Amino acid sequence: LGVEMPFFLNTLYQEKGVFVRGLADHIHFATPNGPFLRAFGAVDGTRANVDVLMKAKQDVLVYPGGSREVLKHSSTPRYELLWKERLGFARLAIKHGYPIIPCAAVGTEDMLDIVMDIPVGFARDNLSVPIAVTSPNKIQKIYFWFGEPIPTEQYNGDCDNDDFAREVRDKCKASVSASIKELQEKQRNDPDRYLMDQYASTLKRAYSRACESFYSEAADASDASNTCMDQNEGSKSIKENGIKAKTN
């Protein structure tokens with residue numbers, strides 16, 4: 001649903017110092033989220049705009065499936081790629097000799113439940129806007145993955161060659177599909193996947209440390225008490241021996 005995009009952009013910038021320009025569909029800028037998207041550097045994903053960005057050597061973030069992939073219908077299986085025969089991103093990468101770094105994210109579609117699909121056929125045929133909700137027990141980590149760059153320089157800018165474009169697209173799709181399965185496997189085996197589990201683990205660790213500290217202090221106090229008793233017993237014994245010596 002594209003919810004991960006702000007976290008993705010922030011993570012990429014914080015970890016690598018890379019600021020990417022996200023491509024958004026025209027319809028997104030007509031919603032209340034338009035100013036928010038612009039603030040994160042998003043631009044209208046037209047070929048003309050992408051040409052300008054690539055000529056300026058800007059890093060570009062693309063959802064190859066476009067608005068239908070971002071605004072998935074509730075009947076669409078989670079994490080299914082809806083690229084169909086789209087070749088635009090591959091053609092532009094070939095045209096400018098741009099390497100493509102496949103990436104994926106897993107987590108957002110698991111924490112959101114689509115309760116309604118609002119048709120917006122007036123803006124795009126067969127398009128709908130999903131209304132999603134979540135709950136505290138479904139809030140969880142978002143896992144990101146970055147693959148090896150897929151080069152395009154070997155095609156010598158021949159962006160009109162359908163075979164070249166399909167080859168690039170299929171390489172990207174295969175890489176992303178494999179990465180989603182890899183992330184889902186990691187997700188299934190992560191004991192701290194859910195936020196509530198993280199809280200529970202934190203509380204358990206805090207309780208354990210508090211107990212250790214309490215018993216350690218109690219043991220120290222007990223040792224100090226025994227030392228005092230031993231000293232008292234020693235003093236008493238010395239006094240008794242002194243009394244006996246005087247009596248003798």
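The values are calculated or read from the model by the stated rules, or taken from the named source; none is laboratory data. Please read all numbers here as calculations on a predicted model, not as lab measurements. Cβ atoms come from the backbone with ideal geometry, glycine included; neighbour counts cover every protein chain shown. Only protein heavy atoms, including side chains, enter the accessible area calculation; ligands, DNA and RNA are left aside. Shrake-Rupley method; radii C 1.70, N 1.55, O 1.52, S 1.80 Å.
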When residues of region 187-210 are filtered for being closer than 14 Å to MET111 by Cβ and of a type in the set (Lys, Arg), how many remain?
-> 1
Count of region 1-41 residues which are polar (S, T, N, Q) and in a helix (DSSP H, G or I) = 3
Hey, does region 35-46 have a residue that's in contact (Cβ under 8 Å) with a residue 40 or more places away in the chain, of a type in the set (Gly, Ala, Ser) and either touching a Pro at 6+ places or on another chain (Cβ under 9 Å) or within 19 Å of VAL129 (Cα to Cα) (or both)?
-> no
Taking interchain pairs and intrachain pairs at least six residues apart, which have beta carbon atoms under 8 angstrom, with the first residue in region 171-190 and of a type outside the set (Ser, Thr, Tyr) and the second open to solvent by 70 Å² or more (accessible area, probe 1.4 Å)?
-> GLN187/LYS141; ASP190/LYS141
Mind telling me which of the residues TYR199, TYR194 ends up being more than 30 Å from ALA90 (Cα to Cα) and touching a strand residue (DSSP E or B) at 6+ places or on another chain (Cβ under 6 Å)?
-> TYR194
Inspect region 33-48 for any residue being over 24 Å from GLY107 (Cβ atoms), of a type in the set (Val, Ile, Thr) and at pLDDT 85 or above and give the result as yes or no.
-> yes
How many residues are among the hydrophobic types (A, V, I, L, M, F, W, C), over 16 Å from ARG47 (Cβ atoms) and open to solvent by 20 Å² or more (accessible area, probe 1.4 Å) when one looks only at region 71-99?
-> 3
For region 149-168, indicate whether the set of residues that are in contact (Cβ under 8 Å) with a residue 12 or more places away in the chain, touching a Leu at 6+ places or on another chain (Cβ under 6 Å) and either surrounded by 12 or more Cβ atoms within 10 Å (Cβ to Cβ) or hydroxyl-bearing (Ser, Thr, Tyr) (or both) is non-empty.
-> yes
